[in-house]
Amino acid sequence: MVDGDGFMSDETLHVGIIMDGNGRWATRRGLPRLKGHSQGAEAVQAVVEAAPEIGISHLTLFAFSTENWKRSASEVSGLMTLFKRYITAKADRLIAENVRVRFIGGQDRMEPKLLELMGWLEAETRDNGGLNLTIAMNYGGRDELIRAVQKLSARVQIGELKPSEISEKTLSNYMDTAEIPNPDLIIRTSGEQRISNFMPWQSAYAELAFTETLWPDFTDKELRSIVTSFMGRDRRFGAVAAQ
Ligand code: FPP
């Protein structure tokens, strides 16, 4: 996180990325949309490898939203195949680079084989102390809130918790992101300026950055430049600026 003077005030810097524009990247080249997604997976790898050097301790990537199920069956199944391939093909490299991988999102509608690979990669990288990479898969912020509230209310129902004991901290502990800090900076590619249900609870004080670049064209160089300009911003968290 960065303090009001723009200097690193503690150990963590959490960047979230809404990777948008794969479809347009492909369409502009006369290619099938899935080609845009596979090119997007290459951009993922470049950004993951560069993140620690840029000072990012936590990187969260929005890979598949609860709304993305509305796409054509062939695009959805192509994406699921791509995710399975990515995990299988990149696991050794992620492990060698000391990356700790977590997945956030609901398990409903997900293919058992993909869930199995996700669980396996989380377990394989559990003790890694390098980049904390979180992949949001079948993720929607409202869905995450509902699941958290359901778990909390079950505890209230059996008398383990009083409604008055529920604080921001309690709710945070029931979110999929319980183990990771709130995002400091959220980047969205492709010129769209929306958050689209990406960590609405956690991003209350996040800085936002938007770039016209389509995700497959996004590079570590652009990431570095966005993070550098974010470092110069005055984050007051609702307080008055330091004199
Ligand atoms: C949004 O672009 C992108 C997605 C819904 C999929 C994101 C997936 C990847 C980048 C592939 C690999 C990811 C991992 C983690 C291995 P869009 O299709 O909505 O683009 P459009 O708005 O131009 O149609």
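Of all residues being over 23 Å from Gly40 (Cβ atoms) and assigned to a helix (DSSP H, G or I) in segment 121-137, which is farthest from the ligand (Cβ to nearest atom)? Just the residue, please.
Per the criteria, the residue is Ala123.
Summed over segment 76-118, the residues that are β-branched (Val, Ile, Thr) and open to solvent by 80 Å² or more (accessible area, probe 1.4 Å) give a count of 1. Going residue by residue through segment 168-176, is there one that turns out to be aromatic (Phe, Trp, Tyr), part of a loop (DSSP other than H, G, I, E, B) and modelled with pLDDT of 95 or more? Within segment 168-176, none of the residues are aromatic (Phe, Trp, Tyr), part of a loop (DSSP other than H, G, I, E, B) and modelled with pLDDT of 95 or more.
Of the set (1) more than 10 Å from the ligand (Cβ to nearest atom); (2) open to solvent by 70 Å² or more (accessible area, probe 1.4 Å), all apply to Trp69 but (2). Is segment 138-153 home to any residue that is of a type in the set (A, V, I, L, M, F, W, C), outside any helix (DSSP H, G or I) and modelled with pLDDT of 95 or more? No, there is no match, as no residue in segment 138-153 is of a type in the set (A, V, I, L, M, F, W, C), outside any helix (DSSP H, G or I) and modelled with pLDDT of 95 or more.
Consider segment 12-66 and keep the residues that are acidic (Asp, Glu) and more than 9 Å from the ligand (Cβ to nearest atom). The one that is surrounded by the fewest Cβ atoms within 10 Å (Cβ to Cβ) is Glu53. No other residue among Leu61, Leu31 is among the hydrophobic types (A, V, I, L, M, F, W, C) and part of a loop (DSSP other than H, G, I, E, B) apart from Leu31. Within segment 85-103, the set of residues being more than 10 Å from the ligand (Cβ to nearest atom) and part of a helix (DSSP H, G or I) comprises Thr88, Ala91, Asp92, Arg93, Leu94, Ile95, Ala96.
The values are calculated or read from the model by the stated rules, or taken from the named source; none is laboratory data. Computed from a predicted model, the values in this text were never measured in an experiment. Glycine gets a Cβ as well: all are built from the backbone with ideal geometry, and neighbour counts include every protein chain shown. For the accessible areas, the whole protein counts, side chains as well, though only heavy atoms, and no ligand, DNA or RNA atoms are used. Shrake-Rupley method; radii C 1.70, N 1.55, O 1.52, S 1.80 Å.
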